[in-house]
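Trainee: Let me give you the structure first, and then I'll get to my questions.
The values are calculated or read from the model by the stated rules, or taken from the named source; none is laboratory data. Just so you know, these numbers come straight off a predicted model, no measurement behind them. Methodologically, a virtual Cβ is constructed for each residue, glycine included, from the backbone with ideal geometry; neighbour enumeration extends over all protein chains shown.
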Amino acid sequence: MNRATESGTSSQGQAGIHLDYFWKKRWTLRAGYRYGFDIDASDPFKEHRFLLEETYSKSLTRHFDVHARNRQEFRDVNGDFSMGFRTHLMLERDFVFGKRSLAPYVTGEAL
């Protein structure tokens, strides 16, 4: 549950499904659908979101990995259609402590 930006301050729920395809060890392709709705009926809100994602992952050195994701979103919010395109970059490093690991990261996204 989160706060909706499209519908003011009402509470919002979301349900969805994604299908991931791992291609050539470095590429992940994703297609999905999400349905957003108001939990309280005071401010009706319905969102249908179809998305496509392509993520490329590569090890830069022994410890650092970079991930570049492109996302295309097709949204219908209360009957208004919009599209969005995002590019997301992430750099991470794994630290292993016995059977546990920690992966701090730096990330940025362009809308």
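Trainee: Take the residues in region 66-101 that are surrounded by 13 or more Cβ atoms within 10 Å (Cβ to Cβ) and hydrophobic (A, V, I, L, M, F, W, C), then tell me which one is nearest to Phe50 (Cα to Cα).
Mentor: Phe74
Trainee: In this structure, is Gly36 at pLDDT 95 or above and out of contact with any Ser or Thr (no Cβ under 8 Å at 6 or more places or on another chain)? Reasoning before the result, please.
Mentor: Values: at pLDDT 95 or above: no; out of contact with any Ser or Thr (no Cβ under 8 Å at 6 or more places or on another chain): yes.
Against the criterion (at pLDDT 95 or above and out of contact with any Ser or Thr (no Cβ under 8 Å at 6 or more places or on another chain)), Gly36 does not qualify.
Trainee: Here is a further query. For region 69-83, name all the residues that are within 19 Å of the chain's Cα centre (by Cα) and either of a type in the set (D, E, K, R) or within 14 Å of Glu47 (Cα to Cα) (or both).
Mentor: From region 69-83, those within 19 Å of the chain's Cα centre (by Cα) are 69-77, 82-83; that's our starting set.
Answer for region 69-83, where residues must be within 19 Å of the chain's Cα centre (by Cα) and either of a type in the set (D, E, K, R) or within 14 Å of Glu47 (Cα to Cα) (or both): Arg69, Arg71, Glu73, Phe74, Arg75, Asp76, Val77, Ser82, Met83.
Trainee: Let me ask something additional. Tell me which residues, restricted to region 53-111, are under 19 Å from Arg30 (Cβ atoms) and not in a strand (DSSP E or B).
Mentor: Within region 53-111, Leu111 is the sole residue that qualifies.
Trainee: Tell me, please, whether a residue that is exposed (fewer than 11 other Cβ atoms within 10 Å of the Cβ), in contact with a Lys or Arg (Cβ under 6 Å, 6 or more places away or on another chain) and either under 21 Å from Ile17 (Cα atoms) or not basic (Lys, Arg) (or both) can be found in region 42-60.
Mentor: The answer is no, given that none of the residues of region 42-60 is exposed (fewer than 11 other Cβ atoms within 10 Å of the Cβ), in contact with a Lys or Arg (Cβ under 6 Å, 6 or more places away or on another chain) and either under 21 Å from Ile17 (Cα atoms) or not basic (Lys, Arg) (or both).
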